[in-house]
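The structure appears right after this line, and notes come after that.
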Amino acid sequence: MIKIDRSAPIALLSFAAFTLAAVLPASAEYRLGSGDVVELAVFGVADFKRRATVNVDGDISVPFLGEVHAAGLTLDGLRKTLADDLAKTGTMRSPDVTLELAEYRPFFIGGDVARPGAIAYRPGLTVRHAVALAGGYDALRFRAENPLLSGPEFRSQYESLWADLVRHEARRISLQAEIDGKTAIDMDTLDKAPLDPNIIREIADLERADLKLRIAARGRDLAFLTKSFAQTKADVAALEVAIADQTAAITQQLAAAGRTRDGQLRGIIAAARVDEDSRSLAVLRSQQVEATSRLAQATKERDDLGKRIDGFADDYRAKVGRELQEVVVELEKGRSQIRSAGEKLIYTGALKAQLRGEAAGPQIVIYRTVDATKTRIDAAADADVLPDDMIEIVIRPEQMVVAPVR
C-alpha cells in the first residue's frame, strides 16, 4: 500500500512521488481490460476491419478465431497473438495485423461529488478533471461547483428564512396575548434572531399595531351584536303589545258584529252595515296573523343573537386558537428550513475556503489494481487517473466552518 503523508519532509515527498510514478504504467505498457474497445484490421483484407469490446471474461470476438483472450495483454502483445493465431489456422499467410485502442474502459468516482458513477477515460485525466466531469463537489446533495456564486444566494435565502421565522414568532406572541386577554405584548425574545435590529423592531411594531386592530375589530363585532340584540328585543316587545291590542280589537269587533246581526234580524239595521262589520273583522284578523308571523321571526332572531353574544368570547378564542396552531406549524417548518439553509452555508463556506487555500482540500483516495492487488493511494487533485481506478472524494467535517450571520 502506498500512502503519502502531506506533513513529511520534501525528500520523503519526492521519494513517495517517485514510487507513485512507478505504479502508473506508461501508455506503451497499457494493458487491456474488460470494457476496452479495440479496432483491428488486416492489411489487404477490407472485410476484416471491425471493433471489438473486451467482455467481462476478458475476451474479444475475432473473425476466423472466435473468442481470443485479451485482458492483461498490451496492444503489441494482442497484435502478435492475433497474427500468430490467424497464421496457424491457415486462413491467411503472414497476416499484417494492425490494432488500435478505440475506447478506454471507464474509471469510477464516488463520495462528495454531484454525479458519482462510471466515467469514460481519456488519456491525461487527473483527479481535478474527474471531479469536474462528475459535476463538481457536492456536499449533502446540493450543488457547490461555484461557491463564490452560490454563497450569496444561500446567504440571502438564510436571512429571508430568518425574517419569516421572526414574523411568525411575533404573530405567535400576539395571538397568545389575544387569547389571554392582554393588550400589551413583550417582543424582547425576537432580539435573539440573527437579523438587523431595525428589521426586528419593524416586525414587532407591525404586529403590535395589528393586535390593536384585531382587538378593536372584536370590540366592534361585539357592540354590533349587542345593539342588534337590543333592537330585536324591542321589536319583539312591540309586536307582543300590538298583537295584544289586535286581540282586544277583534274581541270588540266580534261583539259589535253580533249586535249588528241581531239588529238586522229585528229589521232595525240594514244588511250593508253587517257586511261592513264583517270586512272590518277580516282586516283585523289578517293584521293579527301578519303580526304573529313577524313576532315569530323576531323572536328567533333575538334568541340567535343572544346565543351568539353568550358564545362570542369562546368562539373568538377558538378562532384565534386555530390560527395560533397554524402559526406554530409554520414556525416548525421555518426552523427546519433554516437548519437546511445553514448547512448549505456551512459547506459552501468550507468550499470557498478551499478555493482560497485557507483549508486543506477534500480527502482524495484512489483505489487501483496493481499486480492483481487492490492498492489504496492517498492522492492530490493533480494525480493522474487510469482506467478502472475507483476515486473516493470526502469533504471532511472539520472543514465545515462559516462566519456568523451578523
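Structure above, values below:
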item	result
Cross-link reach list, lysines versus Lys307, counting only Cα pairs under 30 Å and skipping chain neighbours closer than eight places	Lys182, Lys212, Lys227, Lys233, Lys319
Amide proton proximity set for Gly111, modelled H, under 5 Å, gap of 5+	Ile393
Inter-label distance, nm, simple model (7 Å from Cα along the C-beta direction), Gln325/Arg93	9.8 nm
Farthest toward positive dipole pole in the stretch 178-245 [+1 Lys/Arg, -1 Asp/Glu at C-beta], among Met187, Pro197, Ala217	Ala217
Portion, in percent, of the accessible area of the stretch 93-227 that falls on carbon or sulfur, probe 1.4 Å	53 percent
Phi to ³J(HN,Hα) by Karplus 6.51 cos²θ - 1.76 cosθ + 1.60 over the stretch 270-280, Hz, x for Gly, Pro	6, 5, 4, 5, 5, 5, 5, 5, 5, 5, 4
Residue-count net charge about Glu301 - beta-carbon cut-off 12 Å; Lys, Arg +1, Asp, Glu -1	+3
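The values are calculated or read from the model by the stated rules, or taken from the named source; none is laboratory data. Computed from a predicted structure; not experimentally measured. Note that each Cβ is placed from the backbone with ideal geometry, even for glycine, and that neighbours are counted across all protein chains shown. Note: accessible area is taken over every heavy atom of the protein model, side chains too, but ligands, DNA and RNA are not part of it. Shrake-Rupley method; radii C 1.70, N 1.55, O 1.52, S 1.80 Å.
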